[in-house]
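The values are calculated or read from the model by the stated rules, or taken from the named source; none is laboratory data. For clarity, every value in this text was computed on a predicted model and none was experimentally measured. With ideal geometry, Cβ positions are generated from the backbone for all residues, glycine too; neighbour counts draw on all protein chains shown. Ligands, DNA and RNA are stripped out before the accessible areas are found, and what is left, the full protein with its side chains, is counted by its heavy atoms. Shrake-Rupley method; radii C 1.70, N 1.55, O 1.52, S 1.80 Å.
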Amino acid sequence: MRINGEIRARELRVIDESGKQLGIMSKFDALDAARDAGLDLVEISPLATPPVAKIVDWGKYQYQKIKEQQRNKKNVHQSEIKQMRLGLKIGQNDLDIKLRKIRKFLSDGDKVKIQVIFRGREMAHPEIGHALLDRILDSLTDVATADQKPVMAGKNLSVMIRSNPNAKVEDA
């Protein structure tokens, strides 16, 4: 953004401090108008034809822009990866609670990594873990899609899921 003498264009479309268009004028006439008002001439849109400049108080204008950026940044939700760990011997009630928690994470826009943990001799039966993950994914098909197939890494069977944009949102 260029201000006062830094503006290079010969002709500018000028807007005064109240938002009223003053029309197209030369750079020098626009600078005179800004000086008469006791304010600065700021180039708002340099790529327009002719470039658009506004007569404003530069310090106040800059302050308002910074505050607007801070408000916009505050409203943006960063997507996180949440993790849900389950054992093979999980009961139905405990599973329902975990599923409700997963639905809440997904509705907040987060990704969820579901891990089934194998302990001791459970490693001999990975098909039980796959069946548990399939059951979980089937119950979440209305709100989630899996990024990839379940992966066995060491003693953990895991899958990453994200919210399905085509799903209808329901509160559990």
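Residue under question is residue 42, and the condition is that it be over 30 Å from residue 121 (Cβ atoms), touching a residue at least 40 places away in the same chain (Cβ under 8 Å), out of contact with any Leu (no Cβ under 8 Å at 6 or more places or on another chain) and outside any loop (DSSP other than H, G, I, E, B); does it hold?
Answer is yes for this residue.
The set of residues from segment 55-93 being acidic (Asp, Glu) and assigned to a helix (DSSP H, G or I) comprises just one member, 68. Figure legend. Inter-residue proximity from segment 67-83: first residues closer than 19 Å to residue 113 by Cα, second residues part of a helix (DSSP H, G or I) and open to solvent by less than 90 Å² (accessible area, probe 1.4 Å), beta-carbon distance below 7 Å, spacing 6+ or different chains. Indicated pairs: 82/105.
Evaluate the following for residue 127: is it of a type in the set (Asp, Glu), exposed (fewer than 12 other Cβ atoms within 10 Å of the Cβ) and within 30 Å of residue 14 (Cα to Cα)? Against the criterion (of a type in the set (Asp, Glu), exposed (fewer than 12 other Cβ atoms within 10 Å of the Cβ) and within 30 Å of residue 14 (Cα to Cα)), residue 127 does not qualify.
Contact map, segment 155-172: residues that are surrounded by 14 or more Cβ atoms within 10 Å (Cβ to Cβ) paired with residues that are at pLDDT below 70, Cβ distance under 9 Å, separation 6+ or inter-chain. Pairs shown: 163/169.
Does segment 11-43 hold any residues that are closer than 18 Å to residue 64 by Cα, hydrophobic (A, V, I, L, M, F, W, C) and open to solvent by 20 Å² or more (accessible area, probe 1.4 Å), and which are they?
Passing the criteria: 15, 39.
Looking across segment 113-143, the residues that are closer than 23 Å to residue 100 by Cα and part of a helix (DSSP H, G or I) come down to 128, 129, 130, 131, 132, 133, 134, 135, 136, 137, 138, 139. Please verify whether segment 59-79 includes one or more residues that are under 30 Å from residue 157 (Cα atoms) and in contact with a helix residue (DSSP H, G or I) (Cβ under 8 Å, 6 or more places away or on another chain). The answer is no; no qualifying residue exists.
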